[in-house]
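Asker: Sharing a structure here in structure tokens format.
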Amino acid sequence: MPSDPTINQQVAGKLREAADLLQQQGANPFRVNAYRRAADIIAGLGEDLAALVRRQGMEGLLALPNVGRGLATAIDEILRTGRWVQLERLRGVLDPEKLLQSVPGIGPRLAQRIHDELHVDTLQALELAAHDGRLESLTGVGPRRAVAIRATLESMLGRVRGTWPRAGTG
């Protein structure tokens, strides 16, 4: 089967787009750079990624410099489906109100108030507002609702309970 050099460029482009979106959202710079380094490796690869995976499977991807298990899984998903669910989620994040609505317990009206009144655009900023007391200050968000949203965000963002300073303690 003839190699398709454009597949490498497509995969590298998706990785770069994810890096750009993550950077805009204030993600960990090491994670952002990992996506960019992997994109550079793939863009400069002398062989077709699809052929590499057919021949060596996931181990072939893991053998590439700067490609760990998470990135290898993402690349495999792109090669198999032409899509990358994580990137699609990141693209949706650019609309802050839609992003806020991805948190159970936050509907369209509350999302708009959080965005407009607290100037919150990311889940990380929402988490901070939930911990520093600003979220509770909004009409319709009492202590119980704030606790529920905080717990949901900790789960969504992979935080360990008890690591954030409480309002007035930090």
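The values are calculated or read from the model by the stated rules, or taken from the named source; none is laboratory data. All figures in this text were calculated on a predicted structure; none of them were measured in a lab. Ideal geometry is used to build each Cβ from the backbone, glycine not excepted, and the neighbour counts take in all protein chains shown.
Asker: With respect to the numbered conditions (1) farther than 27 Å from residue 130 by Cβ; (2) aliphatic (A, V, I, L, M); (3) surrounded by 17 or more Cβ atoms within 10 Å (Cβ to Cβ), which one is the sole condition not fulfilled by residue 90?
Answerer: Failing condition for residue 90: (1).
Asker: Restricting to helices (runs of 4 or more DSSP H) lying wholly in region 54-102: which have 1 or more residues that are over 18 Å from residue 43 (Cα atoms) and either in contact (Cβ under 8 Å) with a residue 12 or more places away in the chain or of a type in the set (Phe, Trp, Tyr) (or both)? Full working, then the answer.
Answerer: On the way: elements: 69-81, 85-92, 96-101.
Helices (runs of 4 or more DSSP H) meeting the threshold: 85-92, 96-101.
Asker: Still on this structure: Out of all the residues in region 160-170, is one or more at pLDDT 85 or above, closer than 24 Å to residue 22 by Cα and surrounded by fewer than 18 Cβ atoms within 10 Å (Cβ to Cβ)?
Answerer: No: zero hits.
Asker: Here's a follow-up. Within the group 79, 100, which residue is within 19 Å of the chain's Cα centre (by Cα) and aliphatic (A, V, I, L, M)?
Answerer: 100
Asker: Between 28, 66, which is in contact with a Lys or Arg (Cβ under 7 Å, 6 or more places away or on another chain) and not assigned by TED's automatic domain parsing to the domain that holds residue 109? It would help to see each step written out before you state the result.
Answerer: Details: 28 fails: in contact with a Lys or Arg (Cβ under 7 Å, 6 or more places away or on another chain).
Just a single option satisfies the conditions, and that option is 66.
Asker: Could you grab me the full set of residues in region 3-25 that are modelled with pLDDT of 90 or more and either within 11 Å of the chain's Cα centre (by Cα) or of a type in the set (S, T, N, Q) (or both)?
Answerer: 8, 9, 10, 18, 19
Asker: Can I ask one more? Taking residue 99 and the conditions (1) among the hydrophobic types (A, V, I, L, M, F, W, C); (2) in the same structural domain as residue 19 (by TED's automatic domain parsing); (3) closer than 30 Å to residue 137 by Cα, which numbered condition does it fall short on, given that it satisfies the others?
Answerer: All conditions are met except number (2).
Asker: Going by the conditions given, is residue 11 touching a residue at least 24 places away in the same chain (Cβ under 8 Å), β-branched (Val, Ile, Thr), outside the structural domain of residue 139 (by TED's automatic domain parsing) and in a loop (DSSP other than H, G, I, E, B)?
Answerer: Here the answer is no, as residue 11 does not meet what is asked.
Asker: Filter region 116-148 down to the residues that are within 19 Å of the chain's Cα centre (by Cα) and assigned to a helix (DSSP H, G or I), then identify the one that is surrounded by the most Cβ atoms within 10 Å (Cβ to Cβ).
Answerer: First, pick out the residues of region 116-148 that are within 19 Å of the chain's Cα centre (by Cα): 120-128.
Next, only the ones that are assigned to a helix (DSSP H, G or I) stay: 123-128.
Values: 123: 19, 124: 15, 125: 19, 126: 27, 127: 22, 128: 16.
Among those residues, the one meeting the criterion is 126.
Asker: Identify all residues within region 47-69 that are surrounded by 12 or more Cβ atoms within 10 Å (Cβ to Cβ), within 19 Å of the chain's Cα centre (by Cα) and at negative phi; write none if there are none.
Answerer: Hits for region 47-69 are 67, 68.
Asker: Another one. Across region 14-33, what is the number of residues that are within 16 Å of residue 88 (Cα to Cα), among the basic types (Lys, Arg) and free of Cβ contacts under 8 Å to residues at least 24 places away in the same chain?
Answerer: 1
Asker: Residue 61 - would you say it is within 30 Å of residue 9 (Cα to Cα) and not assigned by TED's automatic domain parsing to the domain that holds residue 22?
Answerer: Numbers: within 30 Å of residue 9 (Cα to Cα): yes; not assigned by TED's automatic domain parsing to the domain that holds residue 22: no.
Taking the combined requirement at face value, the residue does not satisfy it.
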